[in-house]
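Derivation of every value follows stated rules applied to the coordinates shown; laboratory data play no part. Quick caveat, the model's predicted, so the values are computed rather than measured. Cβ sites come from the backbone with ideal geometry, for glycine too, and all protein chains shown count toward neighbours.
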Amino acid sequence: MSTAYRPLNDGTLPGVLAPLKEVSERLGGDFSQWSVQEVGDGNLNLVFIVGGPRGAVIVKQALPYVRLVGDSWPLPLSRSYYEHLALVEQTKHVPKLVPKIFHYDRNLALIVMEYLTPHIIMRKGLIRGIEYPRFAGHIAEFMAQTLFKTSALAVPAAEHKRRIWAFADNIELCKITEDLVFTDPYRVAKLNRWTAPYLDEIAARFRADAALKVAVQRRKLQFLTSPEAMIHGDLHTGSIMLTPEDTRVIDPEFAFMGPIGFDVGAVLGNLLIAYYSQEGHEGRPGSRTSYRHWILVQTEQVWRLFAKRFRELWDASKSGDAYMPELFTDAPGAAAFAAEKDRFMRALFVDSVSFAGIKMIRRILGLAHTEDLESIQDEARRARCEIKALTLAHRLIIEADKFTGISDVTSAARGIFAAH
Ligand code: SR1
Ligand code: MG
């Protein structure tokens, strides 16, 4: 494969893939028979489906700028390196929950991977009202495995430090999150947008809310300074492709060593956005009531199954440098260690609730919105959904430590839905 970076297109991509034995065997036939379709609808990259007589692959190539904004916002190609690094790590722990990787080219910032079919982006499934009975278990397993096994609870200190080093230079991608998630929604920023004029008042209120800003900045500090585990870093429902039977997590280009609750909160927050957006997708009032209920049940299941699995992995682990089991072999030691694990899980729950709220606000008042809400054409109707989501998000952030458990979160979500 050629080494100089250039953005590829339907004309040039087949020639780049042709010398790759595994890829060309998978596609079959001669490269002149391959079809190339650019299907990327994300904010950053080019994504191609390449099809041949025998099969298809996905080719993801980073652009040197933010696709959503254009070349006025440069972005390093190295994000493809971090995405590949994270995919390789995730594959070790949950090979069935990520796409298979067939090839990586660092110079072209290009990853060739499994074409997932008939999978769709989860966000689109949630908009259509599709139920995914395996989702909660799968995403809980993904998060428990990838987050626990890359934490100092599971690995020796040297490995933990090497992993921090390995991801430390993913600076620009982290900066996007620092600005777009933790900062811009709370100040006047050129890139902010919302459903105006309906949300003008609440956006101004949030910008003037000192308690909210302090709470969010406390989380930003945690994001900046808590290398607990290798997090996906952008684990929203657009980073999940699935069918009712199968779930795959994609797009870990924002990966770095960060706070565990950031990933868990991203999943919870995006499910809660989907919950509130249902009202905008109802053909007739109430037609999505049972689906709305299903989303809240999944929200509860995600946390419960994640917490259970994380704790099981911890109970079975003997290799981490933090809390070495040999320190807790007698009965008082075992009891104290069990109580400490309970305390850790409670703190992680509070972190996750707070990050969930923060992720919800950035999708409504910041630059990058979600299709769940954006696809509601009637702006007054969309704004009604958004105001409910913002009201819950505010509570999740300000009162994170008052929520006694996940069913408390879903009750609050229901209460706000009914009251507004
Ligand atoms: C400029 S990039 C905007 C957002 O897209 C990605 O999916 C991340 O969520 C990022 O914050
Ligand atoms: Mg993405």
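Observations on the model:
- At most 11 other Cβ within 10 Å, DSSP loop - trypsin sites (Lys or Arg not before Pro), region 110-218: Arg187, Lys190
- Residues with amide H under 5 Å from that of Ile240, placed H, sequence gap 5 or more: Met122, Arg123, Ile250
- When each of Thr12, Thr237, Thr225, Thr391 is scored by the number of other beta-carbon atoms lying within 10 Å, the sequence from fewest to most is Thr225, Thr12, Thr391, Thr237.
- Order of Thr289, Thr177, Thr150, Thr247 - criterion: other Cβ atoms within 10 Å of each residue's Cβ, fewest first: Thr289, Thr177, Thr247, Thr150
- For Ser375 and Glu326, the FRET efficiency from 1/(1 + (r/R0)^6), where r spans their Cβ atoms and R0 equals 60 Å, is about 0.65.
- Length-normalised contact order of the chain in % [C-alpha pairs under 8 Å, at least 6 apart]: 17
- Ranking of Glu312, Glu38 by count of other Cβ atoms within 10 Å, fewest first: Glu312, Glu38
- Computed over the Cα atoms of region 323-420, the ratio of the radius of gyration to the Kirkwood radius (Rg/Rh) comes to 1.20.
- Packing-based ranking, highest mean first, of 382-390, 343-351 given that Cβ atoms within 10 Å are counted: 382-390, 343-351
- Computed 3J(HN,Hα) for region 61-72, one whole-Hz value per residue from the Karplus formula 6.51 cos²θ - 1.76 cosθ + 1.60 where θ = phi - 60°, is 10, 6, 9, x, 8, 7, 4, 4, 9, x, 6, 6, glycine and proline marked x.
- The alpha-carbon of Lys341 sits under 19 angstrom from the alpha-carbons of these lysines, leaving out residues fewer than 8 places away in its chain: Lys149, Lys308, Lys318.
- Simple label model, 7 Å out from Cα along Cβ direction - Ile49 to Arg346, nm: 5.0
- Cα gyration tensor shape of the chain, rounded if a/c is under 1.5, else prolate or oblate by comparing a/b with b/c: oblate
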